[in-house]
Amino acid sequence: MRNICLLFLALPLALHAQWKKHVIAKSPGMINSAVAADWDRDGHMDVIASLDGKVALFRGPSWRAHTLHTFGPGQSRNKPRSTCIHSCLMDVDGDGDQDFIGSNHTVFWLECPAKPLGGPWKYRTVDDEILGTHCLITGDINQDGQLDLIANSGRTAEKTAIPNSLTWLQVPQKPHTAKRWIRHVFARGDAPGASHYTGFGDVNDDGRPDISCAAKGGDAFPSGQWFAWWEQPKDPTQPWKKHLLAANQPGATNIMPADFDADGHVDYFATRGHGQGVLWFKGPKFKLIEIDPKILFPHSLDLADMDNDGDIDAVTSSKDPVDVTAWYENNGKGQFKKRVIDHKQGSYDTRAIDMDGDGDLDVLIAGHTSNNVVWFENPLK
């Protein structure tokens, strides 16, 4: 009981305490995505990010850089740019370590070797036909016990044979020799307008995970500005049914599921990352409720219990260093209070993860036009 009392006494102080900023890397160019794990198993988190024409592992806690891959000609039929737009982790080959999956015109994976700091990681293609893959997440779609990859194909028919679509990709039986993964297009031409980030989870309580997505729209991307989710059928290789949650949402980018008000129904938390505003959709009817309509360009999003009180909170950050990085404290009933972490730190990608092993969740950020990778230390004690 004494420890419980101390926790409750400490929480109000921690909520208003300053988050300490730790700089992992800086770059003259954009950094759009960063992921973390302890690859060398020394008890310290490491970070992988794509920047300056390469993919690099920054070994914690000193953050010394080790180049894993350098982008260049001949690796894909698509010309790479200097940095990935997004990335995620998956144990692709089942050997017990986390491999890196990135999107740089081509979706690819880098195999983590037995000695992760010993040199380059082997580059292999996942899919070089889908284009405009702005989001990579994992989930067991067909519930066979193996993780699959969820990737959008956001370019138009002038650029790809799989335009304005959402896909899920199975790891082939022999991932080391396969030319590409097994692609299933579950929303063919059904996600126009510059689709962005996806969410994964069973929304209608039928035992099958569903997928959500948002599209920013705008003059250059007609038919966007929406939030929607797709209902998985009994056969996940067949087309999925689209459910529109809201139209006329300029700059819509992120939407992720969770039960925020403990009523047994799944809700959605969403952001307009190329516009402004943070909001949520209350299930099961998905009523739109504005949380913070004034925040500018909240491009990144993650959901997690940031204050260890048993409910799901949210963390986001402006894509450019023009506004704030903030987390939204949930009172367990779907009522959110904004807590500012930092001012004017850009972010294309945010992850809630325990970076220092102290039992609470910190915030890892790929800084986009802030040209950095940073993490913010949670002041919760």
Quiz item: For the range 139-178, what value does the Rg/Rh ratio take when both radii are computed over Cα atoms and Rh is the Kirkwood radius, given to two decimals?
Solution: 1.09
Quiz item: Distance from the Cα centre of the range 218-285 to that of the range 116-192, in angstrom?
Solution: 21 Å
Quiz item: For the range 91-109 and the range 332-351, what is the separation of their Cα centres, given in Å?
Solution: 28 Å
Quiz item: Hey, in the GNM for the chain with a 10 angstrom Cα cutoff, which one of 52, 354, 219 fluctuates hardest?
Solution: 219
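Per the Kirkwood treatment, what hydrodynamic radius in Å, one decimal, follows for the chain from the mean inverse distance over all distinct Cα pairs?
Every distinct Cα pair counted, the radius reaches 21.0 Å.
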Self-check item: Accessible surface, per residue, of the chain when the full set of protein chains is kept, probe 1.4 Å, Å²
Solution: 42 Å²
Exercise. State the Kirkwood hydrodynamic radius of the range 36-78 in Å, one decimal place, computed from all pairs of distinct Cα atoms.
Key: 11.2 Å
Practice problem: Could you pull the Rg and Dmax for the range 107-201, using just the Cα atoms, both in Å? | Solution: 14.3, 44
Quiz item: Over the range 174-312, what is the relative contact order in whole percent, taking alpha-carbon pairs under 8 Å and six or more residues apart?
Solution: 17 percent
Self-check item: Net charge dipole size for the chain [Lys, Arg +1 and Asp, Glu -1 on Cβ; Debye, nearest 20]
Solution: 1320 debye
Self-check item: Rounded percent of accessible protein surface that carbon and sulfur make up, the range 122-274, 1.4 Å probe
Solution: 47 percent
Quiz prompt | the range 25-153, relative contact order in percent, only Cα pairs under 8 angstrom and at least six apart counted | solution = 18 percent
Quiz item: Restricting attention to the alpha-carbon atoms of the range 56-140, what are Rg (one decimal) and Dmax (integer), both in Å?
Solution: 13.0, 38
Quiz item: Taking a temperature of 20 °C and a viscosity of 1.002 mPa s, what whole-number D in µm²/s does Stokes-Einstein yield for the range 155-215 with Rh from Kirkwood over alpha carbon pairs?
Solution: 161 µm²/s
Exercise. In vacuum, with every alpha carbon of the range 296-381 counted as one equal point scatterer, what does the Debye formula give for log10 I(q)/I(0) at q = 0.10, 0.13 Å⁻¹? Two decimals, please.
Key: -0.22, -0.36
Quiz item: How big, in percent, is the set of alpha carbon pairs in the range 200-341 lying more than 26 Å apart?
Solution: 22 percent
Quiz item: Could you work out Rg/(2.2 N^0.38 Å) for the range 300-348, with Rg from alpha carbons only?
Solution: 1.15
Quiz item: For all pairs of alpha-carbon atoms in the range 18-105, what percent lies in each bin of width 5 Å, listed from the first bin to the last filled one?
Solution: 3, 14, 23, 24, 19, 11, 5, 1, 0, 0
Quiz prompt | Which listed pairs, of 179/242; 115/174; 174/242, have C-alpha distances above 29 Å, in listed order | solution = 179/242; 174/242
Quiz item: Given H placed on each backbone N at 1.01 Å, which residues far from residue 228 in sequence or on other chains put an amide H within less than 5 Å of it?
Solution: 213, 245
Exercise. Mind ranking 188-200, 164-176 by how tightly packed they are, going by the mean number of other C-beta atoms within 10 angstrom, highest first?
Key: 188-200, 164-176
Quiz prompt | Equivalent ellipsoid, the range 179-257 (semi-axes from 5 times Cα gyration tensor eigenvalues, Å) | solution = 22, 16, 10
Exercise. Answer rounded, prolate or oblate for the range 266-344, using the Cα gyration tensor with square roots of eigenvalues a ≥ b ≥ c: rounded when a/c is under 1.5, else prolate when a/b is larger than b/c, else oblate.
Key: oblate
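The values are calculated or read from the model by the stated rules, or taken from the named source; none is laboratory data. These figures come from a predicted structure and were not determined experimentally. Note that each Cβ is placed from the backbone with ideal geometry, even for glycine, and that neighbours are counted across all protein chains shown. Side chains are part of the model used for accessible areas, which takes the heavy atoms of the whole protein and leaves out ligands, DNA and RNA. Shrake-Rupley method; radii C 1.70, N 1.55, O 1.52, S 1.80 Å.
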